[in-house]
Amino acid sequence: MEHPTCDLRNTAFFPLTGNPTGFHHLLLAECVLRQFPEIQRIVFILSNGKHPDPTKEQAIVNKQTRLEILEKALQEFNDPQSSCVAKMAQQSQKPLQFNAQNTSISTAEFTQDQPVRLYEHLKTLQQQTVPASISYPLMLIIGGDLIQRMSSPEIFSDADLQELAKHCRFLAAPRGEYETEKTLSQLEETRQVSLNHQTIQIEQLPAALHPFLELSSTIIRQMVQAQHALTCCLPDGAAKMIHHHQLYQERTITREENEWQHQCYLQEQQLDQRARQLQKVLDWRADQNLAHTLAIVETSTGGQLATTLASLPGISRHFKESTVVYDQAAKNRLLGQAVEKSSVSPAMATELAKKYHQQTGADFVLSETGMAGPLEGVRRSNKQGLCYFAVATPTTIQNFSHQSNPFFSKKEHQFIFAIVLLESFIQLLKNQ
């Protein structure tokens, strides 16, 4: 395992288990350069993806891709044309100091096929330093979460902590949910070790940049999954690389999740994907001046469709309104009369779609009426898992149906009905 040869007198090391690197990491490096004039170089130690914390089960993007994204972020961080924080710093008359020239990346962990402890980095770096600086402490930029993990003997042995305390100077990043000084005090009490540390002062940055330190790798991954723009999280080129590689879309199953919960999760993701596909089709239709506005009548799905659609950024261009008519009385009020038809029938789906189309004036109205269950011994309907759908336009009504396994849970049926309706509507639009 090798790091670049370093002079400990002017270099700070920044271990990155975070995935991906964002403005919060880069701005901490900026703070360090501003606060500690003796530090002239930042070396990022990029993780091989094997987290030394045994409780971490998150899937990690392959190391080469993470390296390319970090390299791109470092190249663009100081460029106001590609980095919103660089532009804001320039406007505040305090341009950024941190750039690609005063940083480097260590990929020493890449040669290892196992978690690499911080203590192991300490020993290796001591062997590869400029000889004249061997007596200087190793300066490490760390977050409050790492200090918190130091309380665990599973991650940091007593011997490791003693060596780190003896040979390292920790530059501790402030973090909202971690009270750094309190955590260090608890660490001293529980592990009998006192760390040589200083807190990074975010006041070194222009006030407009302070909110960016509230970012975290978890937040960025969640923004990716929500398909939000990432230009507020990291430089433009690095953000584009994340989207290009379609990273961070997967989810790790937690230990608390049972098989049914996991199945519901998968169905929820499938519904979200269908909603995004529909949005793309409607966007194209709107751009072509074709009918594209939408309203929905839900019964058995209980608002699942409306909730999913309404969570999509930009969907208000198409999605106008919805209603949930769950029991028979609610259906009668929507229709304006008492209806003798079965609640679960093609005729009911048709009438609901036609009436709501008259009320809303949307180009398309989707309706569904089904029996989601659950299947119970006292009530064994032969329609369990059956759903009827209708799509109303100014001139036509399209009907279709779906029968799923009657032993599925109510929640599973709700997701299935919603997925089938969106899939069928997408296909209908594509066939027009």
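Okay, here's what the table says:
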item: Those residues of the stretch 137-151 which are in contact with an Asp or Glu (Cβ under 8 Å, 6 or more places away or on another chain) and either basic (Lys, Arg) or part of a strand (DSSP E or B) (or both), in sequence order; result: ARG149
item: Failed item in (1) part of a loop (DSSP other than H, G, I, E, B); (2) under 33 Å from the mean Cα position of the chain (by Cα); (3) more than 20 Å from GLN273 (Cβ to Cβ), with PRO313 passing the rest; result: (3)
item: Some residue of the stretch 34-45 being surrounded by fewer than 21 Cβ atoms within 10 Å (Cβ to Cβ) and over 20 Å from PHE170 (Cβ atoms); result: no
item: Unique match (being at negative phi, surrounded by 15 or more Cβ atoms within 10 Å (Cβ to Cβ), more than 32 Å from the chain's Cα centre (by Cα) and in contact (Cβ under 8 Å) with a residue 24 or more places away in the chain) among SER343, SER300; result: SER343
item: Residue within the stretch 183-201 that is crowded, with 17+ Cβ neighbours inside 10 Å, within 32 Å of the chain's Cα centre (by Cα) and of a type in the set (S, T, N, Q) present; result: yes
item: From ALA207, ALA173, residue being among the small types (Gly, Ala, Ser) and in contact with a helix residue (DSSP H, G or I) (Cβ under 6 Å, 6 or more places away or on another chain); result: ALA173
item: Any pair with Cβ under 8 angstrom, 6 or more apart, that starts in the stretch 102-119 at a residue that is in a strand (DSSP E or B) and ends at one that is of a type in the set (Lys, Arg); result: THR103/ARG41; SER104/ARG41
item: Near pairs, Cβ below 6 angstrom, 6+ apart or cross-chain, from the stretch 231-258 (farther than 17 Å from GLU76 by Cα) to any residue that is among the small types (Gly, Ala, Ser) and modelled with pLDDT under 90; result: GLU250/ALA59; THR252/ALA59
item: Residues of the stretch 206-232 satisfying the condition of being under 24 Å from ALA310 (Cβ atoms), touching a Phe, Trp or Tyr at 6+ places or on another chain (Cβ under 7 Å) and not basic (Lys, Arg); result: VAL224, GLN225
item: Selection status of GLN261, under 20 Å from the mean Cα position of the chain (by Cα) and modelled with pLDDT of 95 or more; result: no
item: Residue list for the stretch 147-176, restricted to those being more than 20 Å from PHE14 (Cα to Cα) and charged (D, E, K, R); result: GLU154, ASP158
item: Failed item in (1) part of a helix (DSSP H, G or I); (2) crowded, with 16+ Cβ neighbours inside 10 Å, with GLU68 passing the rest; result: (2)
item: Filter result (more than 14 Å from LEU278 (Cα to Cα) and either at pLDDT 90 or above or surrounded by fewer than 19 Cβ atoms within 10 Å (Cβ to Cβ) (or both)) within the stretch 412-432; result: HIS413, GLN414, PHE415, ILE416, PHE417, GLN432
item: Set GLU71, GLU76: member being closer than 25 Å to GLU109 by Cα, modelled with pLDDT of 90 or more, among the acidic types (Asp, Glu) and in contact with a Gly (Cβ under 6 Å, 6 or more places away or on another chain); result: GLU76
item: Only one of PRO15, PRO54, PRO20, PRO37 that is out of contact with any Cys (no Cβ under 8 Å at 6 or more places or on another chain), in the same structural domain as THR124 (by TED's automatic domain parsing) and in a strand (DSSP E or B); result: PRO15
item: GLY49, sole failed condition from (1) under 23 Å from the mean Cα position of the chain (by Cα); (2) at negative phi; (3) not in a strand (DSSP E or B); result: (2)
item: Residue ID - modelled with the highest pLDDT, chosen from residues in the stretch 229-258 that are buried (at least 18 other Cβ atoms within 10 Å of the Cβ) and assigned to a loop (DSSP other than H, G, I, E, B); result: PRO235
item: Residue match in the stretch 76-98 (condition: surrounded by 15 or more Cβ atoms within 10 Å (Cβ to Cβ) and closer than 23 Å to GLY49 by Cα); result: no
item: Condition check for LYS280: of a type in the set (D, E, K, R), at pLDDT 95 or above and out of contact with any helix residue (DSSP H, G or I) (no Cβ under 7 Å at 6 or more places or on another chain); result: yes
item: Whichever residue in the stretch 159-182 is under 20 Å from SER216 (Cβ atoms) and assigned to a helix (DSSP H, G or I) and, among such residues, is farthest from the chain's Cα centre (by Cα); result: LYS182
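The values are calculated or read from the model by the stated rules, or taken from the named source; none is laboratory data. Computed from a predicted model, the values in this text were never measured in an experiment. Here the Cβ is made from the backbone with ideal geometry for all residues, glycine too, and neighbour counts use every protein chain on show.
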